[in-house]
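What follows is calculated from the coordinates using simple rules that are stated; it is not laboratory data. Being a predicted model, the structure only gives us computed values, none of them experimental. Here the Cβ is made from the backbone with ideal geometry for all residues, glycine too, and neighbour counts use every protein chain on show.
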Amino acid sequence: MNKRIYLDNAATTALDHGVLKAMLPYLGDKFGNASAVYSYGREARVAIEEARKSIADLLGTKPSTIIFTSGGTESNNMAIGAAVRDLGCTHIITSPIEHHAVSHTIDFFSQHSTVTRTFVALDEEGRVDYRDLERQLREQYIQLKRCLVSLMHANNETGVLTDIKRVGELCRKYDAIFHTDAVQTVGHYQIDLKRLYVQFLSASSHKFHGPKGSGILYVNEQARINPLIHGGAQERNLRAGTENVAGIVGLAEALRIATTHLQKDSQRITWLKNYLTSQLKNTVEGISFNSTGDSLYTIVSANFPRTPGTESMVFQLDQHDICVSGGSACSAGGPSHVMAALGKDEKFVTVRFSFSRDNDTEEIVHVVDIIKDIVTKKELVP
Ligand code: PLP
């Protein structure tokens with residue numbers, strides 16, 4: 001095997017060739033500014049509005065609810081900022097295992113304004129305790145405080161899923177605003193916004209084979225909000241700045257392709273996940289996994305008992321051209337706040353394997369062979 005094996009798809013995915021093809025005209029001849037009235041501008045405008053319509057149809061919503069952003073981080077900042085500044089939220093209920101794009105934004109608001117924040121109770125794998133969520137919502141409701149609930153659909157390190165339908169129903173009951181960071185699930189699960197009670201949902205194109213620097217924020221049509229980024233009138237005055245036409249077209253095409261093949265791809269990736277998990281269980285004594293129940297089919301988060309061999313597992317796999325990450329790429333170099341919040345023992349080394357439709361069984365067989373060597377020979381470098 002002489003090609004690199006990429007198993008870090010929760011960090012980012014490869015750009016799909018079909019997506020690149022759809023984008024290329026807008027990086028070439030069709031370079032117009034969508035705000036211009038002449039033909040170059042009009043063709044860019046048409047491309048953006050067609051992309052918006054296609055995305056809205058795929059997510060079960062109206063085009064006017066889709067705002068184009070630079071990615072998941074901006075969408076999360078926009079949603080949380082708007083909930084506090086425009087929708088009267090004075091208390092935020094969140095979890096300690098959110099991505100930093102959510103948790104640091106909430107830190108900012110709870111330090112710089114009169115907003116308070118509490119964490120919902122989680123089980124040992126990081127699943128939301130819905131009874132505790134309801135208790136907290138009721139408590140704030142009685143005190144006439146409006147809540148923002150910000151809970152991610154799937155955790156990017158462990159793959160643990162949140163039942164966003166259930167959270168939404170609780171938010172409806174207690175008149176709370178619900179934001180969900182769905183960066184790891186849009187393009188991987190069928191999301192039907194018609195059936196969900198949610199005010200804001202964030203997604204990012206590079207997590208489903210689209211381009212980087214392109215994302216969306218779904219804003220429920222009842223929510224009257226102001227922009228995060230001020231300037232021109234783009235995105236119905238909600239997000240100023242000349243539109244990233246190629247990025248927007250790429251996002252729409254990536255979501256279309258992902259949705260078209262979702263059933264087949266998700267079944268195949270689930271098989272890879274189960275295969276890797278069972279092989280690791282058979283191969284590595286004392287291994288455990290961070291999400292044993294219902295979890296994202298694209299992630300296996302494994303805890304290897306710490307030994308001289310496993311200590312530098314990510315580095316050693318890299319020496320064999322296998323790309324994985326320890327916990328989360330975004331926390332590279334530092335301890336993972338997610339593992340810390342879940343009380344993971346220092347005696348373990350956590351490795352995250354994350355799959356995409358580009359992976360195959362042959363790759364996983366090879367990865368397991370290399371891990372076997374690392375674990376049994378206590379090999380340090382090849
Ligand atoms: N939220 C989650 C759960 C993520 O996994 C990521 C990226 O790793 C982000 C937000 C940030 O998205 P982006 O890279 O598009 O800013």
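List of remarks:
- Relative packing of 362-374, 71-83, which averages over residues the other C-beta atoms within 10 Å, highest first: 71-83, 362-374
- When you count the other C-beta atoms within 10 angstrom of each residue and take the mean per peptide, 270-279, 51-60 line up highest first as 51-60, 270-279.
- The alpha carbon gyration tensor of region 279-371 gives principal lengths a ≥ b ≥ c with a/c below 1.5, which makes the shape rounded.
- Nearest 10 degrees, 0 to 90: helix 39-59 Cα axis against the chain principal axis: 60
- For region 160-253, a simple Cβ point-charge model (Lys and Arg +1, Asp and Glu -1, everything else neutral) yields a dipole of about 160 debye relative to the Cα centre.
- Spin-label pair D321/T292, simplified geometry with 7 Å Cα→Cβ offset, distance in nm: 3.7
- Residues whose placed amide H lies under 5 Å from that of T116, excluding near-sequence neighbours: H91, I92
- Cα gyration tensor, region 10-163 - rounded (a/c under 1.5), prolate or oblate: prolate
- Farthest toward the positive end of the dipole of the chain, out of L151, L24, F200, is the Cα of F200, where the dipole comes from beta carbon charges about the Cα centre.
- A prolate overall shape is assigned to region 199-272, the ratio a/c of its alpha-carbon gyration tensor axes (a ≥ b ≥ c) being 1.5 or greater and a/b exceeding b/c.
- Compared with the dominant principal axis of the Cα atoms in the chain, helix 100-112 is inclined by about 60°.
- Entry note, region 194-258: relative contact order of 32 percent, from Cα contacts under 8 Å with a spacing of 6+ residues.
- Total charge dipole magnitude, the chain, about the Cα centre, Cβ charges on Lys, Arg, Asp, Glu only, Debye to nearest 20: 880
- Alpha carbon Rg of region 335-376, scaled by the compact-globule rule 2.2 N^0.38 Å: 1.52
- If you take the alpha carbon atoms of region 245-299 and fit the smallest convex hull around them, that volume is 101 Å³ per residue.
- Relative contact order %, the chain, counting alpha carbon pairs below 8 Å whose residues are six or more apart: 22
- Rg/Rh (Cα only; Kirkwood hydrodynamic radius) as it applies to the chain: 0.99
- Using C-alpha pairs under 8 Å with a sequence gap of at least 6, the mean separation divided by the residue count of region 106-152 gives a relative contact order of 19 percent.
- Taking other Cβ atoms within 10 Å as a rough exposure proxy, R127, R224 sort from fewest to most as R224, R127.
- Most simply put, the chain has about 55% antiparallel DSSP beta bridges, counting only bridges with both residues inside it.
- Here's the list of aspartates and glutamates a cross-link from K347 could span, going by alpha-carbon distance under 14 Å and ignoring same-chain residues fewer than 8 apart: E285, E311.
- Modelled spin-label separation between K3 and R85, with each label point placed 7 Å from Cα along the Cα-to-Cβ direction: 4.6 nm.
- Translational diffusion coefficient of region 114-224 (Stokes-Einstein, Kirkwood radius from Cα pairs, 4 °C, 1.567 mPa s): 87 µm²/s.
- Span per principal axis, largest first, for the Cα atoms of region 53-127 (Å): 37, 32, 20
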